[in-house]
Amino acid sequence: MFEEIDDRLAGWIARQPLFFTGTAPLDGDGHVNVSPKGPIGSLRVLGPRTVAYLDIVGSGSETIAHLRENGRIVIMLCAFSGPPRILRIHGHGEVVTPDDPRFAQLLERHDFEGPEHDEARRAIVVVEATRIADSCGYGVPLMSFEGQREHGDLWAAKKLRTGGPDALRDYQRQKNTVSIDGLPAVEL
């Protein structure tokens, strides 16, 4: 257990290739969601008990829907190289959308690594940690990092090229306004 994210732990976080988010709805019959996120530069340590990540337009909106409903989230990082370790940051998450003045302030202050096209930025998720803990990670395989995939940027570029400047907003209206369980998600 850690009281806070100190410089040493923040450095370890920054060296990982990706992170995962886990959320769930309040309804016991709803779908639990785990999402891989990256690049790691899209995750920033904002303070001793606060992290945030830049969320991009994607095929689903479960994390946003669950956070809007109940705020519960865990961010998990695994060491795929070096000494074994899993770090979990449990907490309460808030979705900060581009129309919120804090969005521009967070972008400017924390230099999130983001997509090639600004239109692909969906939100910044800010997490206030309630529990920070690591575990052994012995079950995590050793893996080599080959690089980031370019598919997301290519997909967004094609959408914008063929659909115009509102293409990604239109996509979100079609695909991201509700979760798979029908919870409200992205508001446009």
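Any read-out appearing in this document is the output of simple, stated calculations on the displayed coordinates, not a laboratory observation. For clarity, every value in this text was computed on a predicted model and none was experimentally measured. Backbone-built Cβ (ideal geometry, glycine too); neighbour counts: all protein chains shown.
Note that the stretch 164-171 has calculated 3J(HN,Hα) couplings of x, x, 9, 4, 6, 5, 4, 4 Hz, one per residue in order, obtained from phi through the Karplus relation 6.51 cos²θ - 1.76 cosθ + 1.60 (θ = phi - 60°); glycine and proline are x. Convex hull of alpha carbon positions in the stretch 1-41: directionally averaged projected area 4.2 nm². Given +1 at the Cβ of Lys and Arg, -1 at the Cβ of Asp and Glu and no other charges, the dipole of the chain around its Cα centre is 300 debye to the nearest 20. Translational diffusion of the stretch 1-106, estimated by Stokes-Einstein from the Kirkwood radius over alpha carbon pairs at 37 °C in a medium of 0.692 mPa s, is 223 µm² per second. Taken along the Cα-to-beta-carbon direction at a fixed 7 Å, the label points for residue 178 and residue 76 span 2.9 nm. With Cα atoms as the point set, the radius of gyration and Dmax of the chain evaluate to 16.6, 50 Å. Annotation for residue 158 and residue 92: the two label points, set 7 Å from Cα along the Cα-Cβ direction, are 4.2 nm apart. Quick one: check the C-alpha center-to-center distance for the stretch 18-97 versus the stretch 115-182, whole angstrom. Value for the Cα centre distance between the two parts: 11 Å.
Exposed loop sites are taken as GluC sites (Glu not before Pro) in a DSSP loop (any state but H, G, I, E or B) with at most 15 other beta carbon atoms within 10 Å; the longest stretch of the chain without one runs 5-112.
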